[in-house]
Amino acid sequence: MSQQHPTEYYRTTSSRVGKMLAIMLGICIVGGVIFFAFWDYWISEPPHVVSVMAGDVDHSGPAEATGKTITQDLQFLESADFRSLTFNAMIDEPGVNPTIEMSVGDKVVFNVVNDGMSFHAFGVTKDTEGFGGIIPGSEVALPTNPLKPGESGTAEFIAGEEGTYYYICTVPGHRDQGMVGEIIVSGSSGPAVAADPTGVSHEFTLDFVESDDFRT
């Protein structure tokens with residue numbers, strides 16, 4: 001006759017369950033505090049070296065200035081329900097997100113004013129979407145330190161090559177809601193400049209020669 005072993009049951013108490021739940025809740029709270037404490041870091045742009053590796057930085061280099069300056073005033077605007085964000089006018093109104101046309105080497109001076117109720121920042125990029133690849137020198141404020149309502153700033157931009165650039169609000173999500181305008185850059189319109197003399201001279205001797213029949 002085989003000997004039967006009694007089955008052991010492991011039981012817990014309500015106090016143990018309560019302690020486990022308290023520990024799990026504490027872990028969630030600490031994680032949430034850490035996440036929101038670094039919120040500015042999560043929404044900030046990647047470091048410059050990361051942007052270069054990702055290929056989202058303008059590599060055209062500085063252009064030779066033509067001497068022509070274009071001044072563009074821009075106002076950050078918002079709809080009442082905050083669903084539409086634009087520059088200078090609301091959607092379907094004249095003057096909304098004005099297109100800027102310029103040539104390589106021309107300079108655009110942006111005078112931007114935050115006429116909205118939210119926070120905004122400004123920059124120029126060649127990226128067709130997102131808020132990265134901002135060209136150095138074209139920024140007004142940063143997503144982590146934006147313009148508050150009523151504040152303003154100035155930035156300059158000189159295109160180094162032909163193509164389409166975009167001026168945007170660099171606060172994440174605002175470009176997708178409508179804060180973006182085009183900058184169309186064509187070939188350089190600057191005057192041709194004569195090359196500087198090198199100081200090197202060359203001498204050539206030329207003889208006039210004719211054929212017997214004078215035809216050549």
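Each value in this text was obtained by applying a stated rule to the coordinates, not by laboratory testing. Only a predicted model underlies this, so the values are computations on that prediction, with no experimental measurement involved. For neighbour counting, all protein chains shown are included, and Cβ atoms are generated from backbone atoms with ideal geometry for every residue, glycine included.
Nothing charged except the Cβ atoms of Lys and Arg (+1) and of Asp and Glu (-1): what's the magnitude of the dipole of region 54-186 about its Cα centre? Round to the nearest 20 debye. Working shown, then result.
Values: 6 positive and 20 negative charges, 52 e Å.
That gives region 54-186 a dipole magnitude of about 240 debye.
Over region 54-186, the ratio between the Cα radius of gyration and 2.2 N^0.38 Å evaluates to 0.99.
Look at the alpha carbon pairs under 8 Å that are at least 6 residues apart: their mean separation over the length of region 54-186 gives a relative contact order of 30 percent.
If you take every DSSP beta bridge fully contained in region 54-186, what fraction is antiparallel? Give it as a percent rounded to 5. Please report the intermediate quantities before stating the final value.
Values: 24 of 36 bridges.
Taking every DSSP beta bridge within region 54-186, about 65 percent pair in antiparallel fashion.
Note that region 27-34 has calculated 3J(HN,Hα) couplings of 4, 5, 5, 4, x, x, 4, 5 Hz, one per residue in order, obtained from phi through the Karplus relation 6.51 cos²θ - 1.76 cosθ + 1.60 (θ = phi - 60°); glycine and proline are x. Annotation: lysines with alpha-carbon distance below 28 angstrom to K126 (same-chain offsets under eight excluded): K68, K107, K148.
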